[in-house]
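Heads up: the structure comes next, in structure tokens.
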Amino acid sequence: MANNGREVRTFADLEALSQAAAESIVAIARESVQARGRFSIALAGGNTPKRTYELLGERHRDAIDWSRWQVLFGDERFVPNDDKRSNYKMARDALLAGAPIPVDNVHPIPTDTPTVGDAADAYDRTLRHVLADGTQPSAIDLVLLGVGPDGHTASLFPGSPVLAERTQWARAVEAPTMVQPSVPRVTLTLPCLNGARNVLFLVAGNDKRPVVVEILQGGDGARRYPAAMVHAAGRTVWLVEQSAMPPREPNT
Ligand code: 6PG
């Protein structure tokens, strides 16, 4: 289904969504390596993408040229990287620890800097270094994103001043008060997300339904949601579990 520049695909459950997501990631990785000799991916945090990461390692391991991957992160909680709230820890446990990705090709957002602002500045430099294509900053091949019940994505929260950022690719975010974990974060910014060649949203859970319905209906109200502000330079695809989609009209 096409929706305001987005492709929307619906799935009965998280397992089917995760299988489709893993297949899409493998296809985009292959396409990127064929076109440019490498594949850069920004991983999403939270819970939804965990099964996708597990499937990449369990079912697609041999179909992937891991040596060409550059692994980045869409956002990070400013906690130690072995903390159970760490997005890096989730990805490491679900995929990275078991995948033969060169260690120098995995770029966690630093959380051991004196301040969260220092971490954001350091990651902005990392992004520009890793993505440099000659002398030009290049784009991330694929950004994975989730959506919160308040319409946030990565750690871009409704009403955040960071939404107005137009040059930095990574910024520090104060601890959100309405979203757990309520810790400071580092997030990729809209210019970075929207410069991506591909964005893949993974959305599951009926707590997301009100926001997803508003975003897909495209009303003015949806414009306040950061997840509605993300439109990749290339393709934007939403993989949505049925529980988060508008209720189906009864077959009359
Ligand atoms: C984070 C994530 C966040 C997440 C959404 C959805 O650091 O919390 O980046 O943006 O994607 O909150 O989370 P779930 O997938 O757990 O519902």
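The values are calculated or read from the model by the stated rules, or taken from the named source; none is laboratory data. Predicted, not measured: the structure shown is a model, and the values here were computed from it. Positions of Cβ are backbone-derived with ideal geometry, glycine not excepted, and every protein chain shown enters the neighbour counts. Keep in mind that these areas ignore ligands, DNA and RNA; they rest on the heavy atoms of the full protein, side chains included. Shrake-Rupley method; radii C 1.70, N 1.55, O 1.52, S 1.80 Å.
Looking at Val71, is it more than 24 Å from His129 (Cβ to Cβ) and free of Cβ contacts under 8 Å to residues at least 60 places away in the same chain? Write out each step before concluding.
Working: more than 24 Å from His129 (Cβ to Cβ): no; free of Cβ contacts under 8 Å to residues at least 60 places away in the same chain: yes.
It is false that Val71 is more than 24 Å from His129 (Cβ to Cβ) and free of Cβ contacts under 8 Å to residues at least 60 places away in the same chain.
Restricting attention to segment 31-53, the residues being assigned to a helix (DSSP H, G or I) and either crowded, with 22+ Cβ neighbours inside 10 Å or of a type outside the set (D, E, K, R) (or both) number 6.
Quick one: which residue in Asn105, Asn87, Asn81 is at pLDDT 95 or above and either under 19 Å from Val33 (Cβ atoms) or among the small types (Gly, Ala, Ser) (or both)? Working first, answer last.
Details: Asn87 fails: either under 19 Å from Val33 (Cβ atoms) or among the small types (Gly, Ala, Ser) (or both); Asn81 fails: either under 19 Å from Val33 (Cβ atoms) or among the small types (Gly, Ala, Ser) (or both).
Of the residues listed, the single one that is at pLDDT 95 or above and either under 19 Å from Val33 (Cβ atoms) or among the small types (Gly, Ala, Ser) (or both) is Asn105.
None of Ala120, Ala94 is of a type outside the set (Val, Ile, Thr), farther than 23 Å from Gln19 by Cβ and within 15 Å of the ligand (Cβ to nearest atom) except Ala120. The set of residues from segment 141-160 being over 17 Å from the mean Cα position of the chain (by Cα) and either β-branched (Val, Ile, Thr) or within 20 Å of Leu127 (Cβ to Cβ) (or both) comprises just one member, Ser160. When residues in segment 1-18 are screened for being surrounded by 12 or more Cβ atoms within 10 Å (Cβ to Cβ) and on the phi > 0 side of the Ramachandran plot, 1 of them pass. Of all residues in segment 174-200, those satisfying the criterion of being open to solvent by less than 10 Å² (accessible area, probe 1.4 Å) and within 9 Å of the ligand (Cβ to nearest atom) are Arg185, Thr187. For Thr126, only one of the following conditions fails: (1) modelled with pLDDT of 95 or more; (2) more than 12 Å from the ligand (Cβ to nearest atom); (3) more than 15 Å from Ile109 (Cα to Cα); (4) surrounded by fewer than 24 Cβ atoms within 10 Å (Cβ to Cβ). What is its number? The failed condition is (3).
Being without any contact (Cβ under 8 Å) to a residue 60 or more places away in the chain, touching a helix residue (DSSP H, G or I) at 6+ places or on another chain (Cβ under 8 Å) and within 28 Å of Pro114 (Cα to Cα) is the requirement here; does Thr153 meet it? So that I can check it myself, show each step before the final result.
Details: without any contact (Cβ under 8 Å) to a residue 60 or more places away in the chain: no; touching a helix residue (DSSP H, G or I) at 6+ places or on another chain (Cβ under 8 Å): yes; within 28 Å of Pro114 (Cα to Cα): yes.
So Thr153 does not fit the description; no.
Scanning segment 59-76 for residues that are surrounded by 14 or more Cβ atoms within 10 Å (Cβ to Cβ), hydrophobic (A, V, I, L, M, F, W, C) and farther than 18 Å from Gly46 by Cβ yields Ile64, Trp66, Trp69. Scanning segment 140-155 for residues that are open to solvent by less than 10 Å² (accessible area, probe 1.4 Å) and more than 8 Å from the ligand (Cβ to nearest atom) returns Ile140, Asp141, Leu142, Val143, Leu144, Gly151.
Here Leu56 clears all of (1) crowded, with 20+ Cβ neighbours inside 10 Å; (2) not in a helix (DSSP H, G or I) except the condition numbered (2). Applying the criterion of being among the β-branched types (Val, Ile, Thr) and either closer than 27 Å to Val26 by Cα or free of Cβ contacts under 8 Å to residues at least 12 places away in the same chain (or both) to the residues of segment 77-116, the residue that is surrounded by the fewest Cβ atoms within 10 Å (Cβ to Cβ) is Val103. Pro137 meets the conditions (1) in contact (Cβ under 8 Å) with a residue 40 or more places away in the chain; (2) touching a helix residue (DSSP H, G or I) at 6+ places or on another chain (Cβ under 6 Å) in every case but one. The failed one is (1).
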